[in-house]
Structures are given as C-alpha cells and as structure tokens.
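Undergrad: Let me begin by handing over the structure; questions about it come next.
The numbers here are math on the coordinates, done by the rules we state, and not lab data. Bear in mind the structure is a predicted one, so any value in this text is a computation, not a measurement. Don't worry about glycine lacking a Cβ; one is built from the backbone with ideal geometry, like all the others, and counts go over all protein chains shown.
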Amino acid sequence: MTDDTARTGRAAVLDRWRRSPMLLRHLAAALAAFLGIVLLTSVTDPFTNLRIATIGYHLVAVAGLALLIGVSGQISLGHGAFMFIGAYTMALLVIHVPGSPLWANLLLAIAASCAAGVAVGAATARLHGPYLAGATLILAVGLPAVALRYPEALGGSNGLTFSVAGTPPALSDTVPDPRWQSWVVWLAVLLALVVVANVSRGRLGRRLRAVRDDEAAAALSGLRPGRLRTVAFVISAGCGGLAGALQAYLLGTATPSSFGLALSLSLLAAVVLGGLGSLWGALWGALALVYVEVWGHDAAEALGLSDHVANNLPIALFGAALIAIVLLWPSGVQGGLARLGAAVRTRRIGPGGRPD
Amino acid sequence: MSAPAPAPPALEVHDLVSAYGAVRAVDGVSLTVPAGSITAVLGANGAGKTTLLRTVSGAKAAQSGRVLADGVELTRLPADRVVRHGVAHVPEGGGVITQLTVEENLRLGGLWRADRADRVRAREEMYQLFPVLAERRRQPAGALSGGERQMLAIGRALMARPRVLLLDEPSLGLAPMVTRRLLRLLRELRDGTGLTVVLVEQNARGALSVADHGFVLSLGRVAASGDADRLLADDRTRHAYLGF
Amino acid sequence: MEQLAELVLNGVSSGAVYAALALSLMIIYQATRVVNFAQPGLALIAAYTAFSVTRATGSYWLGFVLALVVGGALGVLAERLLIRPVQRRSELSAIIVTLGLLMLLQGVAGMVWSNEPHSFPYPLDFRGRFSATDAFAVAAVGVTALGLLLLFRYTPLGLRMRAAAFRPEVARMVGVRVGLMLTVGWGIASVIGALAGMLAVPPFIFPNVLDGVFVYGITAAVIGGLDNPFGAVLGGFTLGIGLSLVSGYLGPELVTLAALVIVVVVLSLRPDGLFTRPRARQV
Ligand SMILES: Nc1ncnc2c1ncn2[C@@H]1O[C@H](COP(=O)(O)OP(=O)(O)OP(=O)(O)O)[C@@H](O)[C@H]1O
Ligand SMILES: [Mg+2]
C-alpha cells in the first residue's frame, strides 16, 4: 500500500467520523475514554485509583466552568458554591434516605445545584464583567457559612460524615472499592462531559458564543441573551453540583471549609490554565489542580521546607501561573498544544497543505 | 510674520505611513506647512485626514516617515510630549470631556505649563475670545451645544499657547453661519498671534476661502496641493476630489 | 432599643472599613476599568509588614505607617508590571490577573508568616461601646474621603487624574501623562486599601483574614456605584449598619448571604448602583 492510499483511507474514516451525529460521536468517545479508565485503574494501585477518581470530579467541575467562561463569556468566582450544594445534597440523602440508590442521589444533587443555578443565574443575568465577578465572589464566600448557621442539620464546621456503599456484593471479590469508586465517578463524569460537549459544539453553543461576542447583534437576530446566559449558568452549576456530589461520595464527608474561596479561585485558575472553552483544556486544568497540590507537597517535603510553605505553595503557584498565562500565553495549555499541533501538521503536509 | 529667511517650516511631514492593521490609511504623505500659515487638508470621507492629524500629534503611532515641528523631530513622541513641543490637536468632534466642567476642560489644556500666572492669563483670554464659555464656566461641558463644544475644544487647545494648531473638522455639525464665524476667528488668530493652523475640512470651499495653502488627500496619498486660490480655481481637482 | 443602638454603632465602625475598601476599589475602577480583586492581597502583605515591624520595634504606629507605604508601593508595582500589559485586552484578562495576584500574595503570606493566626494589635483602646479604636476608624476613613474629595475636585493632579480616567486619549492630547496618572491612582487606592486592612485585621492576622471584609467592600462599591466616591462611602456605611442588623437579629452566619441578596436586588433595580444618578451609558 502506498503512502497515498493509506492517507485517503484514513481520510475516509475521518470523514465518516465527522459526519456521524455529534451525540453518537461524543458517546463513542466517552465509551472509549471509560474503557481507558477501566484499563488504567486495573493496572494501578488503590491509591492511584482514588487519585484518578479525584481528577475525574475536578474535570467535570472545570469543564462546567470552562463552558460558562469560555463559551458564554460570563465569569464566576462562585463555582465552589455549587460544589458545596452538590456535596451537601449527597451527604443529606445518604444520611436521611438510606434506601436511595447512588444514581438517584447524583441526579438529585445535580438537580439541587441546577435549581440554585437558575436562581443565581437569573438574578445575575444582567450583570457583566466585574459586577458578575463581585456577585459570584460573595456567593463563594457566603454560601459555605450556611453550614455554620444550621449546625444541627448541616454539621457546623465539622460538616457531615457518612459511609458510602462500595463495590456491589456480586463483584466485591474481584473489584476493590477504590477501583469501583473511580469507575462510578468517571462514568458520571463522562456522561456529563457528553452533555457539555454537545452543548458547546451544538446550536446552543453557537448561540451562546453569538451573545458573548455581540450581545446587541444577537438580540437583534432574535436570541434572548438573558435567557441564554442563565441556561449556561445552570449547566455549569449542574456540573459543579455533580462534582461536589462525587467528591462527597469519594471522601464520605462534606465540610464547609473545603468549599471556600480558595476552591472557587483554583477552579478558575484551572480553566484559565487549560485554555478557555475547551474540554481538553479542562482536562489539563483538572490534572494541574490535582498534581500541583501533590507535587507542591512532595517538593516542599523533599526540600525540607516547613509545613506552611508546603501548604501554601500550590495556591501561590496557581496564582503565579494565572498571571503568567494571561500575560504570556493567553490561550492556555490547550491553545498552545493546538498551535503546536497545527505547526507540526503543516510541516508534515508541506506548505501547500490545507491548514486545519 | 516676518520670518527670517532660513527659518524651518512650522510643520514638516516626510513620507508618513500610518496603518490600522493592513489598511494603510496614510500611505506616504509629505507636506510642508509654513509658519504663520493656514493650511487646509481636504479629501473625501475615509481619505485619511483624521489619521494624518492623529499620527502627527502622536495620538497614533506611525509605521514610518518623519514629523518635525520647527525643525524638531517629533516622530516617535507620544501625544502628551508632542503638545509640549507646541503642536496642539483638536480631535474630530472636539474631544471635550463632558464629565468635567467648562472651566476644568479649559484649565486642563494649559496644565502642563509651568508658568502659573500665564495659565490664569490665558484662561481669561479664552473667556474674552469665547464669552459664552465664561457664562457657563461652572457647568458640565456635556451641557454645551455642538458649536459651544467646538469653541471649548479650540480654547482648550489654545491654552497650551501652541505654535501649531491641528483642527479636525471643527465645522462638523455646525450651522453654516457658525462655521463662517469659526473660520474667520482662525484667520484673526493667525493674524493676531502668528499661529500656524492645519485645518482638516469636509467643507472644502469654506476651508480654502480662509486658507493660504491646501492639500488634497485621496486614499491616503496627496492627490493635489498648492495655493488655496489655485486649488479653488482648478476645475479638475475640484471635480475629482472636492465635489463642488 | 438598647440593642438597636448598639448594632447601629457597631455597623458604623465596620462600615468605615467597607467604605475605605470601596473607595479604593472605586478609584482603581474609575482610572483603569478594573476591579482590583488583588486588593485584599495587597492589604494583607501591608498588614503583615506592620505585624513584623511592630513585633520587632514595639511601635504600633511605625508599623502602621510602613504598612501604608508598603501597600502603596505594591499597588504601584502591580499597576506597572501586571495591569498595564493587559489593559487593552478583555475585561476577563484583567480580572484573572488580579485574582492570580491575590492567590500569589495570599500564598506567599502563608509561606512567610504561616497559616496560623497571630495576634494583631488594635491601634487604640478597643473596649466598650464605640471605643477609641472605633472612633479612630471612622475618623481615619472620614479624613481619607475628605482628602480624596479635595484632591479630585480642587487640585491640578486630581483634574489630570479625572481627565485620564474619563477620556485617556483626549487627556494625552492636552498633555496629561495618562500612564503616570493610572499608576498614581493605583498607588493612592492601595494606600487606602492598606488603611482598611490595618483597621479590619485585629485581633488576629492570618492569610484569609481579609476575604470576608473584602467581599463587603465590593458589595459596598457595587451598591454605591463603582463610579462614585460619595456612593462608595455611603454604600460602605449603609452596608455596615445593614449587615450589623442582620447579624444581630438573624445570625452572623447569614451576613454574607445578606450581602449577596443586597447586591443582586440593588443591581437588578439600578445597574449603576444606588447612589449614582441614572444616566445614559457611554459606549
Ligand atoms: N480605528 C480604525 N481602525 C481601522 N481602520 C480605521 C480606523 N480609523 C480609520 N480607519 C480607516 O482608515 C481610513 C482613513 O480614515 P480617516 O478617519 O483617517 O479618514 P478621514 O479622511 O478622516 O474621513 P472623514 O472625512 O470621514 O473623517 C478609512 O479607510 C477608515 O476606514
Ligand atoms: Mg476624519
């Protein structure tokens, strides 16, 4: 087979892939990713399994925020608040409705945070830029304090602790709990990402971008900017809620201090780090969230630095990275990779080749 | 003004290029403005007149070329330095700051000058020149009419006691009578103080009637130039570029 | 009645701090159209400086003065090094840069001074209803507001700064060094922010100590109108009293949410803030 026929063969496959319905395409990709996760968790130890699961729920949180910021052009400094709602919904359900299955709990957690998203999104739909940032900042700081207000129901500053079901009995001999948990997490995450991807690349995404780029023009062409913005807000809130619920499921606790301003800012940092409005970017961001923390601690330990350096290194690094990226590399990691990819491709195809 | 023979022109522009991205709005313009003259810069919409003035005054960076005032190189200077070299710019629309009062706008024009007493004197002169402004000195400039704003803008530029005044369409939106008054005023200023005026105008006939020289821009280049009466008399230029 | 008076008085003194922060945010917003989310970070480093100086020398007031100096210097540096390069980019870029700076400064503060709370002195006697410290806070903020008013209304520097804020390009044409004015604005604002920090920090200092206060500062600025110095001060005191009442009658944990409700309600009724005359938006 000559090089040429190989290329046309591949092109034909690619072409069919591109023309198949978007939802199918995304589902197929999600399935492939899930199989990859199953493989990966099968060859790694329980500790790493849990870390993979951790990356999963961070990913969905970052992806939701990336959709909000990148596609709809709204900034939220309060994404952690929706994780708070998801986590506490999960915890309350496990504690008070023991019979409720996990999938129902997750759906209810998503529903609860979506409902909050509707309220906040509708209230802030007219705000822009700094005003929106300010309002959501208040949300990030204010909502976790609710847990302190109602210590009997929400456990005060200690939060809620509960035990979650592990591997179902039928599989419990072959699949250890952490592995099963990471599968559950990733299944939920990938399904949510399919939704996000479909929104982002579909008609709704185009409309959101239209509103983001020129609100007046979009309104003139019949779109309803306020409504669309609220929809984006709700989707991103749902992602946040799912992430919070999955976190609670993994850890078996929900405490107010883990949903403070630092979390919301770190999520924002992850979005910017990865590159606005891209799912791959969200993955790089989520990886950074998990690994900067880990490596920060390891590095501080290896260098014999004190605890308070170790504890604060990640946030300082994120801050520095945010600044550096905006100043030097505004399209984030994914943008950089995409440019790199494009450069390599044109070099391979030659200057006459069609640029992507 | 009895200029000694080798005195440099008040303003010289050599091969100036000024672009917005790929659009070369000023594409190799050269012109010389003798001290104490009124020079009209004419041309159709989009010919590059505003861009030329903005580039000369440093409000916009030049791609290449040179700008000199009284022989002093101004080419790479930002606008706040250019005005210190005696070249004041009244931008298109006047650029009156509507949130400030009339008096604050005026004061702003001379603020960079160290001579405090003369700043006060200049302000009083402006109030004499434009009595309407004196009446409304405490009001926000946003409350002025279009013509009053042009007067304020010119007054503010004159507060710098410039040697060269760049005026971008001062007649924009003014009644013909007010325009005529304004153009006459420029002439009086020139005669009284030796001010050099570069006047960008749509109203070519009016501008040429007070100007000594004229330049016609088309697509960013000088399409015609010469004495004002000659341009007025030259039917071809008039029909091709000036539209009357 | 007794309780009401008590709550109002408390509200006035915390309102002074919110007013100072709101003023600081407003000055920067006016000059550069950026909400300085790094403000609590800058003020934090200033306050930690005071903490170290006071601990080393035993003099509160030396620390106080140095805090204002350090705060101002950090503001100047931030404007020159970080804000100026992103000024012409999107609104989002500036927000993200200031947030990054906030994270960086809080992280650095934690690394240097640890996350443990250290006790931090009050400027004056702080016991009793409307103590000397409370009076000092209100007076300091009052003097600051008055000083700003005089600066902006009656001095050439203030006129230049306003011109640079309203119409930078025109200001440049009449000889105003716009970049310098923006830097000066950031410097002044950051000095005021540091003052607010010094008033807000006691009794303990730790890296997140100013988060809550900053949130109220933003709230005050937003309800007062980010464009309006009177609004900022009024907004600060109104919010201080309002939140003090919420805290006294409904519980301190709900204060932040009350702030959120206030912001949302105010902004949906008056997008330009409570104390600005509604006017046509400039495009
Ligand atoms: N800010 C800008 N960005 C991009 N292009 C511009 C900009 N300003 C002007 N142009 C373009 O540069 C060219 C010259 O514009 P300029 O404003 O200098 O013309 P003008 O002669 O002053 O026109 P008018 O008589 O309408 O004022 C035009 O083609 C215009 O579209
Ligand atoms: Mg023009």
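Undergrad: Given the options C:ALA140, C:MET161, A:ALA237, identify the residue whose Cα lies farthest towards the positive end of the charge dipole of the protein assembly as shown (+1 on Cβ of Lys, Arg; -1 on Cβ of Asp, Glu).
TA: Ranked along the dipole, the leading option is C:MET161.
Undergrad: Kirkwood hydrodynamic radius (Cα pairs, Å) of the stretch A:22-259?
TA: The answer is 18.4 Å.
Undergrad: Could you pull out every residue, at least 5 positions away or on a different chain, whose amide H is within less than 5 Å of the one on B:PHE215? Hs are placed 1.01 Å off N in the peptide plane, and Pro or chain starts have none.
TA: Residues meeting the amide H criterion: B:ALA40, B:VAL41, B:LEU42.
Undergrad: Would you mind getting me the FRET efficiency between A:GLU152 and C:PHE126? Use the beta-carbon distance for r and R0 = 35 Å, nearest 0.05.
TA: 0.55
Undergrad: Counting other beta carbons within 10 Å of each Cβ, put B:HIS89, A:HIS79 in order, fewest first.
TA: Sorted ascending by nearby Cβ count, the order is B:HIS89, A:HIS79.
Undergrad: Something else: What does the average come to when, for each residue of peptide C:89-95, you count the partner chain Cβ atoms lying within 10 Å of its Cβ?
TA: Per residue, the number of nearby Cβ atoms from other chains is 6 on average.
Undergrad: According to a simple spin-label model (label point 7 Å from Cα along Cα-to-Cβ), what is the distance in nm between B:ALA114 and B:ASP229?
TA: Each label point is offset 7 Å from its Cα along the Cβ direction, giving 4.6 nm.
Undergrad: Separation of the stretch C:132-155 and the stretch C:182-204 by C-alpha centroid, Å?
TA: 13
Undergrad: How far, in degrees from 0 to 90, does helix B:176-193 lean away from the longest principal axis of the Cα atoms of chain B, to the nearest 10?
TA: 90
Undergrad: Something else: Using a 10 Å cut-off on Cβ atoms, rank the peptides B:219-226, B:151-158, B:125-132 from the highest mean neighbour count down.
TA: By packing density, highest mean first, the sequence is B:151-158, B:219-226, B:125-132.
Undergrad: So what is the calculated 222 nm ellipticity per residue for chain C, using -39500 (n - 2.57) for each DSSP H run with n of 4 or more, over all residues, to the nearest 500 deg cm²/dmol?
TA: Using -39500 (n - 2.57) per qualifying helix, the result is -25000 deg cm²/dmol.
Undergrad: I would also like to ask the following. Please give the charge dipole size of the stretch B:96-244, origin at the Cα centre, charges +1 on K and R Cβ atoms and -1 on D and E Cβ atoms. Round to the nearest 20 debye.
TA: 320
Undergrad: Could you check what % of the DSSP bridge pairs in chain B are antiparallel, to the nearest 5?
TA: Rounded to the nearest five, the antiparallel share is 55 percent.
Undergrad: Mind checking which helices in chain C clear 24 Å along their axis (Cα) and have mean Kyte-Doolittle hydropathy of 0.0 or more, DSSP H runs only?
TA: Passing helices, by number: C:2-32, C:39-57, C:60-78, C:91-113, C:132-154, C:178-200, C:229-250.
Undergrad: Please sort through the DSSP H helices of chain A and keep those with an alpha-carbon extent of at least 18 Å along the long axis and a Kyte-Doolittle average not below 0.5.
TA: A:22-43, A:46-66, A:79-96, A:102-124, A:129-142, A:177-201, A:225-251, A:261-274, A:279-302, A:307-328
Undergrad: Mind telling me which of A:THR48, A:THR255, A:THR230 comes out most flexible in a GNM of chain A, alpha-carbon contacts under 10 Å?
TA: A:THR48
Undergrad: Restricting to Cα atoms and excluding each atom paired with itself, what does the Kirkwood estimate give for the protein assembly as shown in Å?
TA: Computed over Cα pairs of the protein assembly as shown, the Kirkwood hydrodynamic radius comes out at 30.8 Å.
Undergrad: Which angle between 0 and 90 degrees, to the nearest 10, do you get for helix B:116-129 versus the longest principal axis of chain B when only C-alpha atoms count?
TA: Relative to chain B, helix B:116-129 is tipped by roughly 80 degrees.
Undergrad: Need one value for B:101-113: mean number of C-beta atoms belonging to other chains within 10 Å of its residues' C-beta atoms.
TA: 3
Undergrad: I'd like the antiparallel share, as a percent to the nearest 5, of DSSP beta bridges with both residues in the stretch B:153-244.
TA: Roughly 55 percent of the beta bridges in the stretch B:153-244 run antiparallel, per DSSP.
Undergrad: Another question, then. At 222 nm, what helix-only mean residue ellipticity would chain B give, in deg cm²/dmol to the nearest 500, using -39500 (n - 2.57) for each DSSP H run of four or more?
TA: About -10000 deg cm²/dmol.
Undergrad: What are the residues whose amide H is under 5 Å from the amide H of B:THR101, where those residues sit 5 or more places off or on another chain and H is modelled from the backbone?
TA: B:ALA141
Undergrad: Oh, and also: Given Cα positions, please report Rg to Rh for chain B, the hydrodynamic radius being the Kirkwood one.
TA: 0.95
Undergrad: If you take every DSSP beta bridge whose two residues both sit in the protein assembly as shown, what share of them, in percent to the nearest 5, is antiparallel?
TA: Counting DSSP beta bridges with both partners in the protein assembly as shown, the antiparallel share is about 60 percent.
Undergrad: So, one more: Please give the calculated 222 nm ellipticity per residue for chain A, where each DSSP H segment of at least 4 residues contributes -39500 (n - 2.57) and the sum is spread over every residue; nearest 500 deg cm²/dmol?
TA: My calculation for chain A gives -25500 deg cm²/dmol from helical runs alone.
Undergrad: Within a 10 angstrom radius of each residue's Cβ in C:173-184, how many Cβ atoms of other chains show up on average? Whole number is fine.
TA: Average neighbour count from other chains, rounded to a whole number: 6.
Undergrad: Choose one answer from A:PRO169, A:PRO144, A:PRO98: the residue with the largest mean-square fluctuation in a GNM of chain A with alpha-carbon springs under 10 Å.
TA: A:PRO169
Undergrad: Angle, helix B:146-158 long axis vs. longest principal axis of chain B, Cα atoms, 0 to 90°, nearest 10?
TA: Approximately 90 degrees, to the nearest ten.
Undergrad: With springs connecting C-alpha atoms under 10 Å apart, model chain B as a Gaussian network and identify which of B:VAL72, B:VAL83, B:VAL56 has the largest mean-square fluctuation.
TA: Maximum among the listed residues: B:VAL72.
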